[in-house]
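Below is one structure, written out as structure tokens, with a few remarks after it.
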Amino acid sequence: MSQPGPIEHPSWLTTGDFTQAEEPFALFSAWLKEAAASEPRDPTAMTVATIDSDGLPNARIVLLKGVDAQGFVFYTNTTSQKGRELGAAKTAALVFYWKSLNRQIRVRGAVETVTPAEADAYFASRPRGAQIGAWASLQSQPLESRKVFEQAVADYTAKFGDAPVPRPPHWSGYRVVPKQIEFWQDRPFRLHDRIVFARDAGDKPWRKTRLYP
């Protein structure tokens, strides 16, 4: 997974007081590193929330596949319900929750599609079975039976043989470019710490605010 640049040992990292951080991506990187060491499974799991054409929200768990100063990246079928809603609203919210650390991070922002080169590179890194599955699955559409799906997998397996599996035209990645990132740390008696970083656009400076828990 892509990570932000090296953390230059800011004072908050030494003292452990994350509320002193002045920039959210280095703080996210530090928290993700701790989660990778403490979470029993999938520390990169995050909730992706979208809205449909009626304004009704949808939420599901996906895996973070890249993060840097531009934003948070994940991949999916662009014709799925998730993909359609991301394409229409062009906004999303993310939530990371690490139970082992009693920490939560909330992200809100605009959504953009990754470049074809980025999508190609990540698709090529996936296990071959997952590549085949991306072709066989009509994600979010009704499925008559498991047998039909398994037959589609067999058909695409035969079609590609031993050749490299190309990225499907309907499969790509999305980047959530954050306008707001909130860090939440559990404290005794519900006296939690909440720090939110906000900015007007991706090229604007961050503003930091402490919130009541």
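The values are calculated or read from the model by the stated rules, or taken from the named source; none is laboratory data. Since this is a predicted model, take the numbers as computed values, not measurements. All Cβ positions, glycine included, derive from the backbone under ideal geometry; neighbour counts span all protein chains shown.
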From the set of residues in the stretch 180-207 that are of a type in the set (A, V, I, L, M) and under 20 Å from PHE72 (Cβ atoms), which is nearest to the chain's Cα centre (by Cα)?
ILE181
So which residues in the stretch 94-131 are surrounded by fewer than 16 Cβ atoms within 10 Å (Cβ to Cβ), small (Gly, Ala, Ser) and under 29 Å from PRO57 (Cβ atoms), if there are any at all?
SER100, ALA130
Of the residues in the stretch 188-213, those that are within 24 Å of ASN102 (Cβ to Cβ), aliphatic (A, V, I, L, M) and loosely packed, with under 15 Cβ neighbours inside 10 Å come to LEU191, LEU211
How many residues are part of a loop (DSSP other than H, G, I, E, B) and at pLDDT below 95 when one looks only at the stretch 56-84?
2
Just wondering, is there one or more residues in the stretch 174-183 that are assigned to a helix (DSSP H, G or I), crowded, with 17+ Cβ neighbours inside 10 Å, modelled with pLDDT of 95 or more and touching a strand residue (DSSP E or B) at 6+ places or on another chain (Cβ under 9 Å)?
no
Considering only residues of the stretch 154-169 that are of a type outside the set (Ser, Thr, Tyr) and surrounded by 16 or more Cβ atoms within 10 Å (Cβ to Cβ), which is farthest from the chain's Cα centre (by Cα)?
VAL165
Unmet requirement for ARG146, which otherwise passes all of (1) out of contact with any Leu (no Cβ under 6 Å at 6 or more places or on another chain); (2) under 30 Å from GLY55 (Cβ atoms):
(2)
Just the residues that are modelled with pLDDT under 95 and polar (S, T, N, Q), please, taken from the stretch 108-147.
GLN139, SER140, GLN141
